[in-house]
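See below for the structure under consideration.
Bear in mind these aren't lab numbers, they're just calculated from the coordinates by the rules spelled out. Being a predicted model, the structure only gives us computed values, none of them experimental. No Cβ is skipped: glycine too gets one built from the backbone with ideal geometry, and neighbour counts run over all protein chains shown.
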Amino acid sequence: MGVFDNMKDKATDAVDDHGDKISGGVDKAGDAIDDKTGGKYGDKIDQGGDKAKDGLDSLDGQDDDIS
């Protein structure tokens, strides 16, 4: 098992245990960026946040940890 496999396992465990907090953090970061850009890129920021949450949620092969 390589270094990256170990990091993926840890990330998967973190998402399994704290998916709701991670989702909230992604949303909060997106809101902060949206505020800084004056709402100009709100749609793109939302799309990026959704893709980030989907990617994290699918680490374990199941879409069940992040809403």
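Relative to the longest principal axis of the Cα atoms of the chain, the long axis of helix 3-36 lies at roughly 10 degrees. Between the helical axis of 42-57 and the dominant principal axis of the chain, each derived from Cα atoms, what acute angle in degrees is found, rounded to the nearest 10? Taking Cα atoms only, the helix is inclined about 10 degrees.
Pairs K8/K53; K10/K51; K10/K44: which exceed 22 Å Cα-Cα? Beyond 22 Å between Cα atoms: K10/K44.
If you put +1 on each Lys and Arg Cβ and -1 on each Asp and Glu Cβ, how big is the dipole of the chain around its Cα centre, in Debye rounded to 20? Before the final figure, lay out each step's value.
Numbers: 9 positive and 19 negative charges, 98 e Å.
Roughly 480 debye, rounded to the nearest 20.
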